[in-house]
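Trainee: I have a structure here, written as structure tokens, and I will follow up with some questions on it.
Values quoted throughout were computed directly from the atomic coordinates according to the rules given, and no laboratory measurement underlies them. Please read all numbers here as calculations on a predicted model, not as lab measurements. Every residue, glycine among them, receives a Cβ derived from its backbone with ideal geometry; neighbour counts consider all protein chains shown.
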Amino acid sequence: MIGGKNRQFGLGGVVPSSQAWPTVNTAILVPFTVAFPVTFAEIFFQAGTTPGTTAYDLGVYNDSFKLLASLGATNAVSTTDAVLPVGGGALASPLTLVRGRYYIAMSSAATTLTVRGLATTNGVTRGFGCVSMASAHPLPATVTPAAAVALLPTIGLTTINNLL
């Protein structure tokens, strides 16, 4: 999701619901494409019904799986359905991306973290181009992509002026 934090999305009429993080320390990477240079200021995810206070990380990778920016390990705030981090996940410095393919990533230190997302089959997330990596919390400098997991979390970026 790129743009405002209050936008909704779904897949074929299915809307995101509360899902437990699938595996301890696993990172999930979701591809997105940038058509023209754009600058991002924040990264976020939508918590599920019992997010707890588990540490998570959010970041952006290029298509060679090199980390471009991340929040670093951040403790969740146990607020149902909140957009986290509370107050916005400001990147250390704005991130300008040029035309190309990128991955937005999320990892969690425990399966007790719940996120809003789509529970799918691995084939569906693979079809979207999603990948995962075990032992990837906090997010590493480079990712060795593995098969996708059956969760498409609600994670997103906001532009510098929240224009998209």
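Trainee: Residue separation times 0.36 nm, minus the C-alpha to C-alpha distance between Thr96 and Thr142: what's the value?
Mentor: Separation in residues times 0.36 nm, less the Cα-Cα distance, equals 14.7 nm.
Trainee: Further question: Can you list which of the trypsin sites (Lys or Arg not before Pro) found in the range 78-164 are DSSP loop residues with at most 13 other C-beta atoms within 10 Å? If you can, show how the numbers build up before the last one.
Mentor: Working: sites: Arg99, Arg101, Arg116, Arg126; in loops: Arg99.
Of the trypsin sites (Lys or Arg not before Pro), the ones in loops of the range 78-164 whose Cβ has at most 13 other Cβ atoms within 10 Å are Arg99.
Trainee: Calculate, in nm to one decimal, what Asp81 and Val15 gain on full extension: separation in residues at 0.36 nm each, minus their alpha carbon distance.
Mentor: So the extension gain works out to 22.4 nm.
Trainee: Just check the chain against the gyration tensor rule for me: Cα atoms, a ≥ b ≥ c as the square roots of the eigenvalues, rounded for a/c under 1.5, and otherwise prolate or oblate depending on whether a/b exceeds b/c.
Mentor: Working: a/c = 1.25, a/b = 1.14, b/c = 1.09.
Note, shape of the chain comes out rounded.
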